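The next block holds one structure in the form of structure tokens; read it before the comments.
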Number of protein chains: 2
Amino acid sequence: MNGADEKRIDGKTIARRIEEEAAETVRRLRESGTEPRLVSVAVDEEDASFASYLRSREQACLRVGIRSDVVVVPAADPTRSLGGALEKLSADRTVHAILLKLPLPPGADEAAIFARIDPAKDVEGLHPLNAGLLASGRPRFVPCTALAVAEILAVESPSLAGKDVVILGRSRVVGSPLAVLLLRKGTDATVTVCHSRTRDLAGHARRADVLVAAVGRPEMVTGEWIRPGAIVIDVGTHAIEDPSAKKGWRLAGDVRFESAEPACSRITPVPGGVGPVTTAVLLRAAASAAASAAGGDR
Amino acid sequence: MNGADEKRIDGKTIARRIEEEAAETVRRLRESGTEPRLVSVAVDEEDASFASYLRSREQACLRVGIRSDVVVVPAADPTRSLGGALEKLSADRTVHAILLKLPLPPGADEAAIFARIDPAKDVEGLHPLNAGLLASGRPRFVPCTALAVAEILAVESPSLAGKDVVILGRSRVVGSPLAVLLLRKGTDATVTVCHSRTRDLAGHARRADVLVAAVGRPEMVTGEWIRPGAIVIDVGTHAIEDPSAKKGWRLAGDVRFESAEPACSRITPVPGGVGPVTTAVLLRAAASAAASAAGGDR
């Protein structure tokens with residue numbers, strides 16, 4: 001009865017609804033003469049996955065009618081080159097949303113760079129003011145992956161009140177902002193944040209009504225970590241070698257899907273789970289940034 | 001052997017060391033011609049405890065040589081009256097630190113009020129930018145009670161790595177910022193934040209190596225909630241009726257001390273635990289705000 005397909009959370013369907021919201025906002029903006037525009041900023045990388053990253057962003061923007069451009073800066077002295085590009089885009093009134101590709105290269109001064117993004121265009125919520133608005137209970141832009149997980153949970157588990165959510169990973173773009181989102185009044189989850197220094201990761205995971213895996217290690221979480229009936233959200237995306245696959249590799253998450261699926265009640269697959277929702281949330285944020293700017297212009 | 005006195009964490013001793021740091025900063029500033037000045041802003045209250053609150057702040061400032069003033073605004077239309085006072089003090093170059101008395105009266109627009117404090121004088125970390133700097137791993141001003149708990153733990157449990165910290169209470173001035181402080185790299189606690197909607201508060205508490213009670217309810221936490229050997233930090237301060245006391249009342253925390261003391265390894269008393277450290281941390285923040293302003297003037 002409860003086969004793998006029934007347990008699989010369909011990220012694409014959730015993403016579609018959010019992208020429709022974004023597309024509707026974009027439609028209204030274009031009618032009133034504003035062309036919403038997102039610019040991605042990245043340090044030059046000679047890497048096939050980089051080109052594919054840029055292409056997929058481009059395609060996503062096209063789907064909802066957002067103009068998308070890319071600024072690639074030289075890898076030498078990234079603090080200066082990224083900072084300069086961000087400052088220029090922040091001042092450019094035709095640009096509504098700025099996306100900075102993470103992680104930054106080694107040696108880049110993260111704080112100095114994030115502070116150069118106009119908070120009103122900071123769709124990934126990297127500027128300290130946006131992090132503070134989230135912490136203060138008035139989120140404006142929130143890191144998209146964290147928000148995507150919250151969107152999925154709003155569908156899958158409309159009441160989290162009193163539920164135990166265990167987040168594996170404390171990163172600034174996933175684990176930490178997600179904890180804030182889920183602890184808010186009205187959402188009311190009880191939240192534990194674990195990380196590489198946690199004594200008994202599996203023990204904490206086994207307490208979870210909702211387990212969020214954002215550890216950044218392929219297939220680290222297995223079925224023995226899952227409390228029977230738990231909802232499992234897998235944030236990882238890794239290309240791992242797989243001789244049985246045609247290309248010699250396949251995509252994998254932080255969770256070993258086949259092992260976790262029998263124990264859980266619902267689980268996000270990789271690909272097709274958190275990923276598409278993250279993209280949709282980004283598009284909606286970009287559309288909303290453009291709408292705010294257009295509103296302010298009147 | 002392990003009597004109540006041996007288990008009692010002496011907040012006053014920890015506070016004294018921090019106040020000495022503050023006094024040293026103040027001494028240097030006064031020598032170079034700066035008089036550090038803290039201004040407290042409060043809405044008028046016809047309440048004996050209000051006068052005593054103001055007096056104790058005044059005395060604390062005197063101890064380390066900080067000039068202390070109070071601005072009391074009328075209770076009608078607090079958003080306007082507080083906002084106006086905060087804006088004036090933010091612009092006043094003789095004022096280095098601004099302390100807003102919380103909680104705000106009902107109907108006050110918290111967000112609008114906090115945004116009027118110059119972030120560089122915001123010693124309680126209320127402005128969203130300061131909340132964001134904390135969330136971004138570069139804390140400048142942090143809510144003093146949360147920082148006081150972290151200071152006590154740094155003395156009592158120098159390595160929190162891998163330890164389970166359970167925080168009862170998710171408030172913006174205690175529970176939430178404390179979670180961020182203890183999760184940071186280098187501190188590395190595993191942190192659970194519980195609150196009024198948590199399913200099994202006592203069960204979570206019993207897992208804790210370090211239990212922080214910030215629930216705001218007198219003596220709610222009892223010995224059965226304490227894991228044997230745990231460190232207990234009691235953030236509450238309540239005046240409760242006590243016919244056996246000379247005045248008819250006594251101070252109590254969120255923890256029933258006599259009940260919790262046998263189970264724990266160490267515990268903060270009320271009064272004399274978190275309270276004096278919170279005051280000391282505030283004085284140090286005010287001295288440091290004055291030092292930054294004086295540095296910027298050169």
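The values are calculated or read from the model by the stated rules, or taken from the named source; none is laboratory data. The structure displayed is predicted, hence computed values, not measured ones. So basically every Cβ, Gly included, is an ideal-geometry build from the backbone, and we count neighbours across all protein chains shown. Remember, those area values only see protein heavy atoms, side chains included, never the ligands or the DNA or RNA. Shrake-Rupley method; radii C 1.70, N 1.55, O 1.52, S 1.80 Å.
Please go through (1) over 30 Å from A:E58 (Cβ atoms); (2) exposed (fewer than 15 other Cβ atoms within 10 Å of the Cβ) for A:K246 and return the number of the only condition it doesn't satisfy.
(1) is the only condition that A:K246 fails.
Kindly indicate which of B:I152, B:I233, B:I240 is more than 24 Å from A:G186 (Cα to Cα), touching a Pro at 6+ places or on another chain (Cβ under 8 Å) and aliphatic (A, V, I, L, M).
After ruling out the rest, the residue left standing is B:I240.
If you go through segment B:1-29, how many residues are open to solvent by 20 Å² or more (accessible area, probe 1.4 Å), under 30 Å from B:F257 (Cα atoms), part of a helix (DSSP H, G or I) and modelled with pLDDT of 95 or more?
Residues flagged as open to solvent by 20 Å² or more (accessible area, probe 1.4 Å), under 30 Å from B:F257 (Cα atoms), part of a helix (DSSP H, G or I) and modelled with pLDDT of 95 or more within segment B:1-29 amount to 6.
Looking at B:A111, B:A131, B:A120, B:A135, can you tell me which residue is open to solvent by 10 Å² or more (accessible area, probe 1.4 Å) and free of Cβ contacts under 8 Å to residues at least 40 places away in the same chain? Before the answer, list the steps.
On the way: B:A131 fails: free of Cβ contacts under 8 Å to residues at least 40 places away in the same chain; B:A120 fails: free of Cβ contacts under 8 Å to residues at least 40 places away in the same chain; B:A135 fails: free of Cβ contacts under 8 Å to residues at least 40 places away in the same chain.
Result: B:A111 is the single residue among B:A111, B:A131, B:A120, B:A135 that is open to solvent by 10 Å² or more (accessible area, probe 1.4 Å) and free of Cβ contacts under 8 Å to residues at least 40 places away in the same chain.
Here is a yes/no grid of residues against (1) away from every other protein chain (no Cβ under 14 Å); (2) open to solvent by less than 40 Å² (accessible area, probe 1.4 Å); (3) acidic (D, E); (4) in contact with a strand residue (DSSP E or B) (Cβ under 6 Å, 6 or more places away or on another chain):
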{"site": "B:G175", "(1), (2), (3), (4)": "no, yes, no, yes"}
{"site": "B:R197", "(1), (2), (3), (4)": "no, no, no, no"}
{"site": "B:L201", "(1), (2), (3), (4)": "no, yes, no, yes"}
{"site": "B:H204", "(1), (2), (3), (4)": "no, yes, no, yes"}
{"site": "B:A213", "(1), (2), (3), (4)": "yes, yes, no, yes"}
{"site": "B:V221", "(1), (2), (3), (4)": "yes, yes, no, yes"}
{"site": "B:G229", "(1), (2), (3), (4)": "yes, no, no, no"}
{"site": "B:V232", "(1), (2), (3), (4)": "yes, yes, no, yes"}
{"site": "B:I240", "(1), (2), (3), (4)": "yes, yes, no, yes"}
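When residues of segment B:270-285 are filtered for being more than 11 Å from B:V149 (Cα to Cα) and open to solvent by less than 10 Å² (accessible area, probe 1.4 Å), how many remain?
Looking only at that region, the number is 3.
Which count do you get for residues in segment B:65-82 that are charged (D, E, K, R) and open to solvent by less than 70 Å² (accessible area, probe 1.4 Å)? Steps first, please.
Residues of segment B:65-82 charged (D, E, K, R): B:67, B:69, B:77, B:80.
Narrowing further to those that are open to solvent by less than 70 Å² (accessible area, probe 1.4 Å): B:69.
The qualifying residues number 1.
Residue under question is B:V255, and the condition is that it be crowded, with 19+ Cβ neighbours inside 10 Å and either touching a residue at least 60 places away in the same chain (Cβ under 8 Å) or within 14 Å of another protein chain (Cβ to nearest Cβ) (or both); does it hold? Break it down stepwise before answering.
On the way: crowded, with 19+ Cβ neighbours inside 10 Å: yes; either touching a residue at least 60 places away in the same chain (Cβ under 8 Å) or within 14 Å of another protein chain (Cβ to nearest Cβ) (or both): no.
No, not satisfied.
Give me the pairs, please: first residue somewhere in segment B:84-102 and within 20 Å of B:A291 (Cα to Cα) and open to solvent by 70 Å² or more (accessible area, probe 1.4 Å), second residue anywhere and part of a strand (DSSP E or B) and modelled with pLDDT of 95 or more, beta-carbon distance under 8 Å, and either six or more positions apart or on two chains.
Pairs found: B:T94/B:R37.
In segment B:258-268, what count of residues is obtained for those that are hydroxyl-bearing (S, T, Y) and open to solvent by 30 Å² or more (accessible area, probe 1.4 Å)? Outline the logic, then answer.
Step one: filter segment B:258-268 for residues hydroxyl-bearing (S, T, Y), giving B:259, B:265, B:268.
Filter once more, keeping what is open to solvent by 30 Å² or more (accessible area, probe 1.4 Å): B:259, B:265.
Within segment B:258-268, residues that are hydroxyl-bearing (S, T, Y) and open to solvent by 30 Å² or more (accessible area, probe 1.4 Å) number 2.
State which residue is surrounded by the fewest Cβ atoms within 10 Å (Cβ to Cβ) when the search covers only segment B:183-194 and only residues that are facing another protein chain (nearest Cβ under 7 Å) and touching a residue at least 24 places away in the same chain (Cβ under 8 Å). Spell out the reasoning first.
Step one: of segment B:183-194, the residues facing another protein chain (nearest Cβ under 7 Å) are B:183, B:188, B:190-194.
Filter again for touching a residue at least 24 places away in the same chain (Cβ under 8 Å), leaving B:188, B:190-194.
Details: B:D188: 19, B:T190: 27, B:V191: 29, B:T192: 27, B:V193: 27, B:C194: 27.
Filtering first and then ranking leaves B:D188.
What are the residue pairs meeting all of these: first residue in segment A:207-226, first residue assigned by TED's automatic domain parsing to the domain that holds A:V149 and on the phi > 0 side of the Ramachandran plot, second residue open to solvent by less than 20 Å² (accessible area, probe 1.4 Å) and not hydroxyl-bearing (S, T, Y), Cβ atoms under 6 Å, and 6 or more apart or on different chains?
Matching pairs, first to second residue: A:E219/A:A252.
Given the residues A:V155, A:V180, which is the only one that is in contact (Cβ under 8 Å) with a residue 60 or more places away in the chain, under 20 Å from the mean Cα position of the chain (by Cα) and open to solvent by 30 Å² or more (accessible area, probe 1.4 Å)? Please lay out each step first, then the result.
Values: A:V180 fails: in contact (Cβ under 8 Å) with a residue 60 or more places away in the chain.
So the residue among A:V155, A:V180 that is in contact (Cβ under 8 Å) with a residue 60 or more places away in the chain, under 20 Å from the mean Cα position of the chain (by Cα) and open to solvent by 30 Å² or more (accessible area, probe 1.4 Å) is A:V155.
Open to solvent by 80 Å² or more (accessible area, probe 1.4 Å), within 21 Å of A:S288 (Cα to Cα) and acidic (D, E) - does that describe any residue in segment A:37-60?
no
Report, ordered by the first and then the second residue, all pairs with beta carbons closer than 6 Å, sequence separation of six or more or different chains, a first member in segment A:66-78 that is within 24 Å of A:G33 (Cα to Cα) and assigned by TED's automatic domain parsing to the domain that holds A:E45, and a second member that is among the hydroxyl-bearing types (S, T, Y) and buried (at least 16 other Cβ atoms within 10 Å of the Cβ).
Pairs that qualify, where the first residue is within 24 Å of A:G33 (Cα to Cα) and assigned by TED's automatic domain parsing to the domain that holds A:E45 and the partner is among the hydroxyl-bearing types (S, T, Y) and buried (at least 16 other Cβ atoms within 10 Å of the Cβ), are A:V70/A:S40.
When segment A:141-174 is examined, which residues are found to be small (G, A, S) and over 17 Å from A:G253 (Cα atoms)?
Of segment A:141-174, the ones small (G, A, S) are A:146, A:148, A:150, A:154, A:157, A:159, A:161-162, A:169, A:171.
Answer for segment A:141-174, where residues must be small (G, A, S) and over 17 Å from A:G253 (Cα atoms): A:A150, A:A154, A:S157, A:S159, A:A161, A:G162.
Which of the strands (runs of 3 or more DSSP E) contained wholly in segment B:154-272 include at least 2 residues that are within 24 Å of B:D10 (Cβ to Cβ)? Talk me through it step by step, then tell me what you get.
On the way: elements: B:164-168, B:190-194, B:210-213, B:231-234, B:238-241, B:249-252.
Filter on segment B:154-272 gives B:164-168, B:210-213, B:231-234, B:238-241, B:249-252.
Name every residue in segment A:161-170 that is more than 9 Å from chain B (Cβ to nearest Cβ) and either surrounded by fewer than 20 Cβ atoms within 10 Å (Cβ to Cβ) or in contact with a Ser or Thr (Cβ under 6 Å, 6 or more places away or on another chain) (or both), in order of residue number.
As a first pass, look at segment A:161-170 and keep what is more than 9 Å from chain B (Cβ to nearest Cβ): A:165, A:167-169.
Within segment A:161-170, none qualify.
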